[in-house]
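Some notes on the structure that comes next.
What follows draws every value from the coordinates through simple rules; no lab data is involved. Keep in mind that what you see is a predicted model, and the values were worked out from it rather than measured. Every residue, glycine among them, receives a Cβ derived from its backbone with ideal geometry; neighbour counts consider all protein chains shown.
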Amino acid sequence: MHIKGDSLDDLLRAVFRRIARDGMNISPRKGEAREIIGAKLTLLNPRARFSRAEARSVLFSCLGEFMWILSGSELLAHIEYYIPRYRKFSNDGVILRGAYGPRIFGGGAQSQFNELAAAISQNTDSRQNVIQVFRRDDLADGNKDVPCTCNLQFFKRQNRLHLLVSMRSNDAFIGLPHDVFCFTMLQEIMARKVGCELGEYHHVAGSLHLYDANRAKVRQYLGEAVQSRLAMPPMPIGDPSDSIGRLVALEAEYRTDRIEDFTVEGLDPYWADLARLLMAKRLFTERKQSAMRQIRKEMHSRVYDAYIRGEHDRLVPKEGEPEQLPLPNLPTISA
């Protein structure tokens, strides 16, 4: 099976229908499912990396997981803030043994990601530009967190950077939207680091499956009106390492409540908007409606408007309860 699409929603709609039609029934330990073996997906525009459908509106958890990976963290508390279900994959309630961040970004300047950026710059047509995620010891008895991703392979061809991600297993409803978001963001970061344009994103799954437990949600998704395609703006030209470092620091501040008086003056509007989204997540957890409205007004790009508005609209004050005031010392985020 090979499906091509211009947006994540194009891929998801085609994948759900194909699994329902051609998938075989399986009974893995996580529940009954339907599966297609050896599936390949191609996202022609990797910036159209998040769903516009209400049933798959998971931008905040996608961004949170992406920041967890960028930070190089393996801590459960970090990712659990965005995706609580990760707790069931931790053996000790403290770390996740299969966390991608330490594998991709561990080692600082000598990380797989940084060393590969240098290799791509030196040898344009190389076929050895691979980041290894899955390890032999992941199959140790009792490990609850076996990575679904095997490797990431980058191809710089005709001044465009393509990425092929190989998955041993992929949940089409829960995991696929997060994987596409995180990996295409890494693809665009790498493209900027090596000084070329963004190419296609290729996603190969040994087992692409849909659990029976999610069938009703899939029907809801497919029943929604088809939205116009929407893509994130291009990442600024040039090595984004400094901006990423600042964004990682801001994310830690917002997530852990250690808010200080500061601004992000000089940060490109692209990265400032991501900082605003992370703050919007914090404000949602604190039920700060008025502050969320202010964040929405400050966004440089209108691409994310519906997601902030959707989170804001879920904050309905209880009867007789006044709306809470913004957080004290709320930083002004301006580009």
What is the log10 of I(q)/I(0) for the chain, computed with the Debye formula using one identical point scatterer on each Cα and no solvent, at q = 0.09 Å⁻¹? -0.49
Could you list, in their original order, any pairs among Lys88/Lys193; Lys88/Lys217; Lys40/Lys88; Lys217/Lys288 whose Cα atoms are separated by more than 26 Å? Lys88/Lys193; Lys40/Lys88; Lys217/Lys288
Quick one: give the max-minus-min coordinate of the C-alpha atoms of the stretch 1-82 along each principal axis, largest first, in Å. 38, 35, 24
Points 7 angstrom from Cα along the Cβ direction at Asp22 and Val146: gap in nanometres? 2.6 nm
Please list 159-165, 24-30 highest first by mean number of surrounding beta-carbon atoms within 10 Å per residue. 159-165, 24-30
Could you list log10 I(q)/I(0) for the stretch 241-313 at q = 0.15, 0.26, 0.27 Å⁻¹, which the Debye formula gives when each Cα is one point scatterer? -0.47, -1.31, -1.37
With label points built 7 Å along Cα→Cβ from the Cα atoms of Ala119 and Val248, find their separation and express it in nm. 2.0 nm
Using a Cα-Cα cut-off of under 15 Å, which aspartates and glutamates could be cross-linked to Lys4, ignoring same-chain neighbours fewer than 8 residues away? Glu200
Mean separation of Cα contacts under 8 Å (6+ apart) over length of the chain, as relative contact order %: 18 percent
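In square nanometres, what is the average projected area of the Cα convex hull of the stretch 18-131?
10.3 nm²
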